[in-house]
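Please treat every number below as a calculation from the coordinates, not as lab data. None of the values given here were measured: they were computed from a predicted structure. Cβ placement follows ideal geometry from the backbone for every residue including glycine, while neighbour counts extend to all protein chains displayed.
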Amino acid sequence: MQRRLIDTFYMEAMVLADEARHYFDEGGRAEREALAPIERVTFSCESLKVTTRLMHVIAWLLTQRAVIAGELTPGQAMDPARRLGAAPATEPGEVESLPERARAMIAASSELHRRVARLDRAQVAEQPSASPARSMLDRLATAF
């Protein structure tokens, strides 16, 4: 994985995380208070989804940076615990009534997660498949 690509995604994720934190914690307070009670619940749920998506992306990108720095091997980065976490789904119809800025944050976090997920899947596809001969030798070694 190219360091510049990872660094670019990392900066984008950190900026978006900061913007989301500011908006959902402070800046969007007046917009949130103006919503109907059920819409406030949706607003709160979606803010948690945005945060979850961004934290999954940031954790994955930090793992990639650790591989680039030699702190982890590529094989260690493929451990399921270090792979990109699933993004919580947002139903388009549920967020139509939310303020424009909230919808923009939701869309931006979903799009970033989608792009990083594509990189994660590409990494898995690049992994060499296990050699059938190596597999048989490993099974023989454990049998005796």
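Amide H contacts of L72: V67, each under 5 Å away and 5 or more positions distant or on a separate chain (H built 1.01 Å from N in the peptide plane; Pro and chain starts excluded).
I'd like the orientation of helix 100-126 relative to the chain: the angle between its Cα long axis and the longest Cα principal axis, in ° from 0 to 90, rounded to 10. Once rounded, the angle reads 10 degrees. Taking the longest Cα principal axis of the chain as reference, the axis of helix 37-68 is set at about 30 degrees.
One entry in [x] 14.8; [y] 11.6; [z] 34.2 is mean projected area of the Cα convex hull in nm² calculated from the shown coordinates; its label is [y]. Using only the alpha-carbon atoms, how far is helix 132-143 inclined from the longest principal axis of the chain? Give it as 0 to 90 degrees, nearest 10. The two axes meet at around 80 degrees. When the chain is treated as a Gaussian network with alpha carbon springs shorter than 10 Å, the biggest mean-square fluctuation among A87, A30, A20 belongs to A30. When the GluC sites (Glu not before Pro) in the stretch 13-78 are filtered for DSSP coil states and for at most 16 other beta-carbon atoms within 10 Å of their beta-carbon, the remaining sites are E71. Take the Cα of Q2, step 7 Å toward its Cβ, do the same at I38, and the gap between the two points is 4.8 nm. Neighbour counts of other Cβ atoms within 10 Å put T142, T63, T73 in the fewest-to-most order T142, T73, T63.
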